[in-house]
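To keep things clear, I will list the structure first and then write my remarks on it.
The values are calculated or read from the model by the stated rules, or taken from the named source; none is laboratory data. Keep in mind the model is a prediction, meaning the values are calculated, not measured. Quick reminder, even Gly has a Cβ in these numbers, built from the backbone with ideal geometry, and neighbours come from all protein chains shown. Please note that ligands, DNA and RNA were not included when accessible areas were found on the heavy atoms of the full protein model with its side chains. Shrake-Rupley method; radii C 1.70, N 1.55, O 1.52, S 1.80 Å.
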Amino acid sequence: MDLQAVLRLFDRDQRQEIDFPGMTREAFPHLVRFVRPAPGTSYILYTDLDEADVDDVDVDDVDVDDVIDEQVAYFTRLGCSFSWKTFSHDRPADLVERLVARGFVADETDAVMVLDVAHAPDSLLAVDTANVRRLDSPSQLDQVVAVLKSVWDQDFTWVHERLGSHMEIPGYLSVFVAYVDDNPAAAGWTYYNKGSFAGLWGGSTVAEYRGRGLYTALLAARVREARLRGVPWLTVDAGSMSRPIVARHGFEVMTWATDCNWEIPAEDGRS
């Protein structure tokens, strides 16, 4: 696999030219941002602020810290918190450090891993997925919320509105749940965006059901579906727990991603 070629395609398809339901895409020579009405979270997904000419604009003349301040001011005027998703190959190389110095809070860095679906290993395709089912209706998302709340102890009420509305778009989102004795035990989903990639998200297993291969079964079910749909590449943002699992099944590290989050200051009255 030529990872650099795949990465260039990923940047174009999944960061620069992609569109998302319910969000407005705003492209500039040096970045691409996606705006969702408050209180939803918006984000910046593509950044190139250094050492190249882009669309006849001399990026060397762009002051990185000024651009950061412009984005903070823009989203503050909208009353929106936002996330700046940075990748290890973005420029400048110290973008995360600059954002943190400006007041952003950086999440744990994830490995962005990719699988050549046509060459998925036989070992993964042979995994038993008898206890994994794809949800048929948004009304079943309570099962996903139950899994996520148990694992992360956070508010996941947004799942009903966001994933529910996306399930209504034909062919866009597939949601899977793994069961133990008919109890929802693990959940994950796949987004099929336009282009050459589909993205795996979720991948959470309730603590008492870990060690039974449910994460791998969810992974296998989603890889099989992507293969049937003729998707060339699958990506996953893999944290420290999931990284070794997906690596065993053919996923390779393409780049690294860090979400840097900005919250409207409480004194602005719009937090």
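Summary table below
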quantity: Measure of compaction for region 69-188 (Cα Rg per 2.2 N^0.38 Å); calculated: 1.41
quantity: Region 136-271: relative contact order in percent, alpha carbon pairs under 8 Å with at least 6 residues between; calculated: 17 percent
quantity: Efficiency of FRET between residue 76 and residue 50 - r from beta-carbon atoms, R0 25 angstrom, step 0.05; calculated: 0.50
quantity: List 158, 262, ordered by accessible area with a 1.4 Å probe, largest first; calculated: 158, 262
quantity: Amide H contacts of residue 203 (H built 1.01 Å from N, under 5 Å, at least 5 apart or other chain); calculated: 187, 188, 189
quantity: Unit charges at the beta carbon, dipole of region 167-233: most positive-side option, 173, 228, 205; calculated: 228
quantity: Solvent-accessible surface ranking, highest first, for 113, 167 at 1.4 angstrom; calculated: 167, 113
quantity: Estimated dipole of the chain in Debye, rounded to 20 [Cβ of Lys and Arg +1, of Asp and Glu -1, Cα centre]; calculated: 1540 debye
quantity: With DNA, RNA and ligands ignored, accessible area of residue 212 (1.4 Å probe; Å², nearest 10); calculated: 140 Å²
quantity: Accessible carbon and sulfur surface of region 1-141 relative to its total accessible area, %, 1.4 Å; calculated: 46 percent
quantity: Rounded to whole Hz, the Karplus (6.51, -1.76, 1.60) HN-Hα couplings of region 30-36, x for glycine and proline; calculated: 10, 7, 10, 10, 10, 10, 10
quantity: At 0.890 mPa s and 25 °C, Stokes diffusion of the chain via Kirkwood alpha-carbon radius, µm² per second; calculated: 124 µm²/s
quantity: Positive-end residue of 146, 101, 126, charge dipole of region 94-168 with Cβ unit charges; calculated: 146
quantity: Cut-off 12 Å between beta-carbons: net charge of the residues surrounding residue 116, Lys and Arg +1, Asp and Glu -1; calculated: -1
quantity: Contact order normalised by residue count of the chain, Cα under 8 Å, 6+ apart, percent; calculated: 25 percent
quantity: Prolate/oblate/rounded label for region 124-260 (Cα gyration tensor, a/c 1.5); calculated: rounded
quantity: Between region 80-98 and region 147-220, the Cα center-to-center distance that results, in Å; calculated: 27 Å
quantity: Ranked order, 1, 254 - accessible area, probe 1.4 Å, largest first; calculated: 1, 254
quantity: Counted charge near residue 259, where neighbours are those whose Cβ lies closer than 10 Å (Asp, Glu -1; Lys, Arg +1); calculated: -3
